[in-house]
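These notes concern the structure reproduced below.
What follows draws every value from the coordinates through simple rules; no lab data is involved. It should be emphasised that the depicted structure is a prediction, and the values quoted were computed from it without experimental measurement. Neighbour counts run over all protein chains shown; Cβ positions are idealised from the backbone, glycine included.
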Amino acid sequence: MKENPIRKYIRKGGLPHFFCPGCGAAQVMNYFLRAADDIQLDFDKLVAIGGVGCTARIPVYLDAEALHGIHGRTLPWATGIKLHRPELNVVIFAGDGDAAAIGGNHLIQAARRNLDVTMIVVNNLTFGMTGGQVAPTTLLDLHTTTTPYGNAEKPFDLCTLAMAAGATFVSRWNTFRPRQATKAIKKALLHRGFALVEIVSQCTTNFGRRALSTGDPCKLVQWIEDRSVTMEKAKGLSEQDISQRFVLGNFIEKVEPIFEGSSIRRPEEGG
Ligand SMILES: Cc1ncc(C[n+]2csc(CCOP(=O)(O)OP(=O)(O)O)c2C)c(N)n1
């Protein structure tokens, strides 16, 4: 039997995974590995970073240097690594809570500096690991464990925020569209500068059951796709309408100087 082409990138004898059946984070891990395989990413030069959360566990399953530790603090680590070892490829796996709530300010600063890393955000519209609390990305009126009467807060658009802050590659797809998502990750890995790929994804256990009364991954993926609209089609929609949908596309790709730390040289370096 032919071996699965991405199996070789998975840590041998590692931890048993704890993705729920039908979890989108596992799908995104698959997209990442296929994208990495396609461009022959050197896993000896890869540092994968996760904070805390279901998505943040992905680095632990990879046969690469992995950091798993503090919720929302992936980008300070990434900054330190890139300043000390700029030749390494740093890829961050973050949930929407990790990236947009506790880690939101780090995201803004990393984008502003055009830090040369790839950040893959699995946006499952909730704090999955901790039981399905409302997140900055939860759509209006949805029921979560902390919004039993429906979410009263307008959701956050992570991609628009990253672009406004200065990110030089920004893309959003969903788990209904594996080809586009994988292609976007591939582009992000090849990009020099801050690359953010957001993938809208299903959480069967803690989001679907509460917000949509179903844990069926197929129904959840369909629900996401039904609310998704390409950036071309979104042009004709009102702001109000857009805030309840997922606008998909490769929004920006530009070349700008990357963050390489201070330009001050110590006297012995001759500067
Ligand atoms: C500093 C800190 N604050 C809060 C927590 C509790 N916590 C762990 S995971 C998590 C949220 C996870 O949600 P998200 O980042 O969206 O990832 P998901 O599990 O949905 O993939 C929270 C609040 C923590 N571990 N550390």
Problem - Scope region 52-89; condition part of a strand (DSSP E or B), of a type outside the set (A, V, I, L, M) and out of contact with any Lys or Arg (no Cβ under 6 Å at 6 or more places or on another chain); matching residues - result: 65, 68
Exercise for the section: Could you tell me whether region 214-237 includes any residue that is in contact with a Cys (Cβ under 9 Å, 6 or more places away or on another chain) and among the small types (Gly, Ala, Ser)? Expected result: yes
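Can you tell me which residue within region 64-99, out of those that are among the charged types (D, E, K, R) and surrounded by fewer than 19 Cβ atoms within 10 Å (Cβ to Cβ), is nearest to the ligand (Cβ to nearest atom)? First the steps, then the outcome.
Applying the first criterion (among the charged types (D, E, K, R)) to region 64-99 yields 65, 73, 82, 85, 87, 96, 98.
Going one step further and asking which of them are surrounded by fewer than 19 Cβ atoms within 10 Å (Cβ to Cβ), we end up with 65, 73, 85, 87.
Values: 65: 21, 73: 8, 85: 26, 87: 29 Å.
So the residue we want is 73.
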Problem - Subset of region 21-30 that is over 14 Å from the mean Cα position of the chain (by Cα) and surrounded by 18 or more Cβ atoms within 10 Å (Cβ to Cβ) - its residue that is farthest from the ligand (Cβ to nearest atom) - result: 22
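Looking at 200, 229, which one is in contact with a Leu (Cβ under 9 Å, 6 or more places away or on another chain) and more than 28 Å from residue 47 (Cβ to Cβ)?
It is 229.
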Practice task
Evaluate region 41-51: report whether one residue or more is in contact (Cβ under 8 Å) with a residue 24 or more places away in the chain, outside any helix (DSSP H, G or I) and of a type in the set (Val, Ile, Thr).
Solution key: yes
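Per-residue answers, yes or no, for (1) basic (Lys, Arg); (2) touching a Lys or Arg at 6+ places or on another chain (Cβ under 8 Å):
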site	(1), (2)
112	yes, no
143	no, yes
155	no, no
194	no, yes
Problem - Members of region 137-169 that are surrounded by 20 or more Cβ atoms within 10 Å (Cβ to Cβ), in contact with a helix residue (DSSP H, G or I) (Cβ under 7 Å, 6 or more places away or on another chain) and in a loop (DSSP other than H, G, I, E, B) - result: 137, 167
Completion exercise
Scanning region 37-63 for residues that are within 27 Å of residue 222 (Cα to Cα) and of a type in the set (A, V, I, L, M, F, W, C), the one nearest to the ligand (Cβ to nearest atom) turns out to be 54
Exercise for the section: Among the residues of region 170-221, count how many are in a strand (DSSP E or B) and surrounded by 24 or more Cβ atoms within 10 Å (Cβ to Cβ). Expected result: 10
Completion exercise
The residue from 145, 182 that alone is within 15 Å of the ligand (Cβ to nearest atom), among the hydroxyl-bearing types (Ser, Thr, Tyr) and touching a residue at least 12 places away in the same chain (Cβ under 8 Å) is 145
Problem - Given (1) farther than 21 Å from residue 234 by Cα; (2) buried (at least 23 other Cβ atoms within 10 Å of the Cβ), index of the condition residue 123 fails - result: (1)
